[in-house]
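Structure, as structure tokens:
The values are calculated or read from the model by the stated rules, or taken from the named source; none is laboratory data. Bear in mind the structure is a predicted one, so any value in this text is a computation, not a measurement. Don't worry about glycine lacking a Cβ; one is built from the backbone with ideal geometry, like all the others, and counts go over all protein chains shown. Each accessible area value is taken on the protein alone, full model and side chains, heavy atoms only, with ligands, DNA and RNA left out. Shrake-Rupley method; radii C 1.70, N 1.55, O 1.52, S 1.80 Å.
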Amino acid sequence: MKFIKYLTVLLAILGCTQKNDKDTLNKRWKADVSKVQVEIDMSDIASDFYNLKLTVADIRKKYPFYLSQNTPDSRFEKDRRDSTELNIYAEIRKNVPNDKIKTELKDLFKHIKFYYPNFKEPKVFLYSSFTSDYLNPITYIPQNNYLLIATDCFLGYKNKYYDMMQIDRYIQRTMSMEYFSSKAAKELIKEMRLIPRETDSQSFVSQMIYQGKILILEDAFLPEVKDCYKIGYTEDQMNWAKENKYEIWNYFIENGYVFSDDISLSDRFLSLAPFSKFYTEIDSQSPGQIGCWTGWQICRKYLIENDKVSLQEFIKDTNHEQIFAKAKYKPNPLDDEVYEDKKVKK
């Protein structure tokens, strides 16, 4: 009975500590962006492209960067009348409202500008790629400050046209509007080069922390978005990662992967894939990119342990192995999950 009594007290203490940790992180990302001014200048190329009142010459003049100069107008005239393309455009109009895109981008831009005041909102262009841009549906062009969005790549999981184009289901899972703002944030973070690369070490933990920093910026830029959408998981996959965080970390430790510079680890645990490659019976149950998820937890733990470090200071710090040491990341098999998903604000 005495053991049970002490165990109950210990668990209560752990629970309070975890709640305080979660509150610390949530408080950090509560930014008042109400006074941050942004403008959304958005053009719908697809609307013009499928409007037969306009000629291809008109479209070339209005959007000189869009149509290839090496492709004859006759080809584009044929595409504009193609029944499948027109049906996909009808799906866009039904499933991807322009107002929703504008609202989500406005909130994203406000948060980026809050942390990086020199940020200048890009001009936004919406287009249809005939689903060909499904791996990279959002493109930021820094020299022009253009943000191009393939709206046909957000029609929703199991859309019949995705199956028709033989897009893998694990990729389809993120081809819906729930994942839109995260994909936009990732593209801007990457192409704006907000995160400097570490040059002194290419260890696995350094690469995990680099990926974790991307997700930390998403925490800051998208505070009302669910964690599963930020990393591209389903809720079941997120729960699997939380429930197995101790076993995941123990596997990396026991196999000597943490400070290893084996380049195959990136493919196994950081690259886009249907599952992570532990080479055990749990592979099929695991989500892909589990190393990115682990790097995220390390970064979150660092910011809890070092709460006086600003977001910008943390992102600029290229000594990832020192960040790892200061994070004191050691998941406990008895811990409950600290970082609960928040409700999506729609």
Inverse mean reciprocal Cα-Cα distance (Kirkwood Rh) of the chain, Å: 22.1 Å
Surface share of carbon and sulfur [accessible, 1.4 angstrom probe, percent] for the range 57-105: 46 percent
Label point distance in nm, Lys35-Ser284, each placed 7 Å from Cα along Cα→Cβ: 5.8 nm
Most to least packed among 122-131, 157-166 [average Cβ atoms within 10 Å]: 122-131, 157-166
Helical segments meeting 15 Å axial Cα length and Kyte-Doolittle -0.5 threshold in the chain (DSSP H): 2-28, 180-191, 204-221, 290-305
Gyration tensor (alpha-carbon) shape descriptor, the range 63-222, a/c threshold 1.5: prolate
Neighbourhood net charge (11 Å Cβ-Cβ; Lys/Arg +1, Asp/Glu -1) for Pro196: +2
The chain, helix-only ellipticity at 222 nm - DSSP H runs n ≥ 4, -39,500 (n - 2.57), divided by all residues, nearest 500: -15500 deg cm²/dmol
Beta bridge orientation in the chain: antiparallel %, DSSP, nearest 5: 35 percent
Heavy-atom surface of the chain, accessible at 1.4 Å and reported per residue (Å²): 52 Å²
Net dipole in debye of the chain [+1 Lys, Arg Cβ; -1 Asp, Glu Cβ; about Cα centre; nearest 20]: 960 debye
Cα centroid separation - the range 289-328 against the range 209-254, whole Å: 13 Å
Relative packing of 312-319, 283-290, 299-306, which averages over residues the other C-beta atoms within 10 Å, highest first: 299-306, 283-290, 312-319
Descending principal axes extents, the range 201-343, alpha-carbon based, whole Å: 42, 37, 29
Förster radius 41 Å - calculated FRET efficiency between Leu52 and Gln166 (Cβ-Cβ, nearest 0.05): 0.85
Proximal charge balance of Tyr140 [Cβ under 9 Å; K/R count +1, D/E count -1]: -1
Contact order relative to length of the chain, as percent, for alpha carbon pairs under 8 angstrom and 6 or more apart: 18 percent
For peptides 101-110, 201-210, 46-55, sequence by mean Cβ density within 10 Å, most packed first: 201-210, 101-110, 46-55
Net charge, Glu121 excluded, C-beta distance under 13 Å - Lys, Arg +1, Asp, Glu -1: +3
Three-way shape label, the range 169-248, alpha-carbon gyration tensor, a/c 1.5: oblate
